[in-house]
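For reference, the structure discussed in these notes is given below.
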Amino acid sequence: MMNTSTRAPERAQPRSAVRSLLRLWPYVRPVRGRLAAAALTAVLGSCTSLVIPLALKWLVDGPVAGRDPRGVWLGGAVVFGLGVAEATLFMLRRVIVARPLARVEADMRAALYGHLQRLPVVFHDRWPSGQLLSRGTNDLTLVRIFLAFPLTFLIVNGVTITAGFAILLAQRWTLGLLLLAPVAPLIVLCWFFENSYSRLARTAQDRAGDLTTVIEESVLGIRVIKGFGRHRGRRREFSALSGELRGIELRKARLLGMLWALVMTLPELVIGTALVLGVLQVADGGLSAGTLVAFLSTALALRWPVESIGFLLAITQDAATATDRFFEVLDEPLPTAAGTRAGAGTGTSTGPVEGTSAPARTGVRAAAPGSCGSRAPARKGTRAGLLLEGVEFRYPGSPAGAEPVLRGVDLHIRPGETMALVGPTGSGKTTLTALVPRLYEPTAGRISLDGQDIAALPRERLRELVSVAFEEPTLFSATAGENVLMGAEGAEEADLMRALRIAQADFVHELPEGHRTQVGEQGLSLSGGQRQRLALARAVVGRPRFLVLDDPLSALDVHTEALVEAALREVLATTTALVVAHRPSTVLLADRVALLSRGRVTAVGTHHELLRTSGEYAALMTGRGGDGPAGAGRGGKAR
């Protein structure tokens, strides 16, 4: 069976379909005029169908009874004209709503996509991508179908049934009351159906999202699946989940079939009974043949509005569930623009800060846990650059009592300085680098850029100041050049060429169409080193003031690494950089090195100084016991 980690957070709770669908109003409001016109057109078309039985009554009791051929032809022409008018009005309804409903669906999809882009990384850590894909595709299609058909016809059928029964009662009230007899049982049936069907609809749509996740993961991970021969296991997993979804859909179909059978049977029984009673009354002379024809024609015209109740309610429940799923994502709170942490923006240090105004490069300070060197008060001018003060972080949803990933991190990277961040696996290096561009929010403490708290900076401004290259490069289904230029809005081709040169990504010029070559989904047509170089080029193309590199050279061969490092020195000379490093060659790019151990910065100094004074650092750089128990207590999340 499917691993539960692929499923979205459970949101099962009682809800009203009407209340859920009313939340669509902000999207429907711009096209409300077109929807109202479509509903009015459909109501006129439906009411036109009720006029046809009245024309038949006149035709039977008049020209037919009086043997008037001219009147029969005239009556036939009237009935034919009414039929054409009905068909035209219903066709016009569809034409009226097609364009505005496509706009509603597009607006909702754009709102969902925009919200997903603004949601924090923590949200995406929790939610499987397949669930989000199904909400942006299948669920919105269900909403559009509801707005196009059931919404209109629930109104139209309500008006038609009310007008039709008024006509029936006016023609023969005793027979009309007979036809009203199934109303109470139908109301009870619909109530039972709504409650049962809504639960199945929610489960089915959630499982469809799970199935989308499995398909997406299997496509993106096809190389791993084939490489380890896991296709049979994945197929069994897919078949099990597909079978579960099939079972739920069959239960929905059985429930709908039972409702449809009862909704169709009850009206047919009372129409048959009314027919027998009506024929008897005609035979006794108490009812004219024309009236009986008109009565039965009206009753038959009401069959579809009554019988469609189950079908319309099913689509309505599906749409209500889809609406709930859509708003589950939109209801996720966005991170605030500023002041998200206690003490943010106050300028008050929450811990000791390493650094002086002079750009000293010597004199290692083997610090105690939680410290980065000198305890002397920071003098004016030392707050420029990248400053971390008392930073603490724990992942949302961490077990109670679990240690934070980062604890009391204090670090100062001076303007124009490159700091290498070194530590055992699980010490929190990647997590720390994710805090600088606010991919995650610190649980406590403060991070500032040139004296400005990043919590008080607009995110757009922060992303202009800070550029990031991740350890695992992600490329999009675009050209090589477009992937690089994503790193800076407004960058030109000259900037692209410079970035490619710095990242030693000259292989781009040898592609079939140069930098205009499509690299395909995830850039799988390229090697790991090529993808990493394009990601590095993306980080430097915008000439950022602050640069965060998470082990950016891990996939490169020794020769290419040396070339990239030589070119990187040009960039690092003009920016303030934090570089996660595992190799001594990468560490040598930095002016100073910070050792991160068990979520704390335990030493800061140059590479050679730390080799002499820190046994843990020397072990990491020489390969002797480098993977100590640094990640204990953090569930393996920190890196």
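Listed by first and then second residue, the pairs with beta-carbon distance under 7 Å, at least 6 apart or on different chains, first residue in region 300-319 and of a type in the set (D, E, K, R), second open to solvent by 30 Å² or more (accessible area, probe 1.4 Å), are E307/M264; D318/L142.
For (1) out of contact with any Gly (no Cβ under 8 Å at 6 or more places or on another chain); (2) of a type in the set (A, V, I, L, M, F, W, C); (3) in contact (Cβ under 8 Å) with a residue 60 or more places away in the chain, each residue gets a yes or a no:
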site	(1), (2), (3)
E464	no, no, yes
S467	no, no, yes
M497	yes, yes, no
R516	no, no, no
G520	yes, no, no
R533	yes, no, no
R545	yes, no, yes
D550	yes, no, yes
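Can you confirm whether region 166-185 contains a residue that is of a type in the set (S, T, N, Q) and buried (at least 16 other Cβ atoms within 10 Å of the Cβ)? Checked against the condition, which is being of a type in the set (S, T, N, Q) and buried (at least 16 other Cβ atoms within 10 Å of the Cβ), region 166-185 yields at least one hit.
Here the condition is being more than 30 Å from L312 (Cβ to Cβ) and open to solvent by less than 50 Å² (accessible area, probe 1.4 Å); of P69, P120, it holds for P120 alone. Residue pairs whose Cβ atoms lie under 7 Å apart, separated by 6 or more positions or on different chains, with the first residue in region 233-255 and open to solvent by less than 30 Å² (accessible area, probe 1.4 Å) and the second aliphatic (A, V, I, L, M) and not in a helix (DSSP H, G or I), are L241/M2.
Looking only at region 519-552, which residues are modelled with pLDDT under 75 and farther than 15 Å from A577 by Cα? Across region 519-552, the qualifying residues are G520, E521, Q522, G523, L524, S525.
Just a yes or no: is a residue in region 584-591 in a helix (DSSP H, G or I) and hydroxyl-bearing (S, T, Y)? Scanning region 584-591, I find at least one residue that is in a helix (DSSP H, G or I) and hydroxyl-bearing (S, T, Y), so the answer is yes. All of (1) of a type in the set (S, T, N, Q); (2) touching a helix residue (DSSP H, G or I) at 6+ places or on another chain (Cβ under 7 Å); (3) over 23 Å from D210 (Cβ atoms) hold for T174 with one exception: (2). Residue pairs whose Cβ atoms lie under 6 Å apart, separated by 6 or more positions or on different chains, with the first residue in region 75-97 and closer than 26 Å to W58 by Cα and the second open to solvent by 40 Å² or more (accessible area, probe 1.4 Å), are L82/V51; L89/L44. Annotation note: of V95, V84, the sole residue that is part of a helix (DSSP H, G or I) and at pLDDT below 85 is V95.
The values are calculated or read from the model by the stated rules, or taken from the named source; none is laboratory data. No experiment lies behind these values; they were computed from the predicted model shown. FYI the Cβ positions are ideal-geometry reconstructions off the backbone, even for glycines, and counts take in every protein chain you see. Ligands, DNA and RNA are stripped out before the accessible areas are found, and what is left, the full protein with its side chains, is counted by its heavy atoms. Shrake-Rupley method; radii C 1.70, N 1.55, O 1.52, S 1.80 Å.
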